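Written out below as structure tokens is the structure these notes cover.
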Amino acid sequence: MARLSIRAGLTRGLISHPSTMNVGTVEIRMRIRDARSLKDKRRVLNALKDRLRNTYNVSIAEVDGQELLQSATVAVAQVANDTRYLNSALDKLVDAVRRFPLAELVDYHLEVF
């Protein structure tokens, strides 16, 4: 059996063909009016996070307001080689949060770098 070298195509651990990597992030603040307990809030956030992960292939986490019942802040990140694609994809994601029936979008901040 032939042995496969893990370092094939690499020069001293560096990528031999540098590529452009862009990262897009969006911080989303929302209100969850029907949450009467942290369990209610967690149920709504998990449903939203699962939907966004599956639809938009993003990383997402609650980053602030974990102890507040009816308020949540989530951060979303996505990596791509085209900034126009990132802006478009994250704009669509924000629109999906706006349409999500169990939470109300309060504010968001989108950055691509």
Residue match in segment 38-46 (condition: farther than 20 Å from M21 by Cα, acidic (D, E) and either touching a residue at least 12 places away in the same chain (Cβ under 8 Å) or part of a helix (DSSP H, G or I) (or both)): yes
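Mind counting the residues in segment 84-98 that are among the charged types (D, E, K, R) and either in a strand (DSSP E or B) or touching a Leu at 6+ places or on another chain (Cβ under 7 Å) (or both)?
Counting residues in segment 84-98 that are among the charged types (D, E, K, R) and either in a strand (DSSP E or B) or touching a Leu at 6+ places or on another chain (Cβ under 7 Å) (or both) gives 1.
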From the options D82, D34, residue that is at pLDDT below 95, touching a helix residue (DSSP H, G or I) at 6+ places or on another chain (Cβ under 8 Å) and farther than 17 Å from H109 by Cα: D34
Selected residue (only one of L110, L105 is among the aliphatic types (A, V, I, L, M), under 24 Å from T20 (Cβ atoms), in contact with a helix residue (DSSP H, G or I) (Cβ under 6 Å, 6 or more places away or on another chain) and part of a strand (DSSP E or B)): L110
Those residues of segment 51-83 which are outside any strand (DSSP E or B), exposed (fewer than 13 other Cβ atoms within 10 Å of the Cβ), in contact with a strand residue (DSSP E or B) (Cβ under 9 Å, 6 or more places away or on another chain) and without any contact (Cβ under 8 Å) to a residue 40 or more places away in the chain, in sequence order: N57
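The values are calculated or read from the model by the stated rules, or taken from the named source; none is laboratory data. Treat the numbers as computed from the prediction; the structure is a model and nothing was measured. No Cβ is skipped: glycine too gets one built from the backbone with ideal geometry, and neighbour counts run over all protein chains shown.
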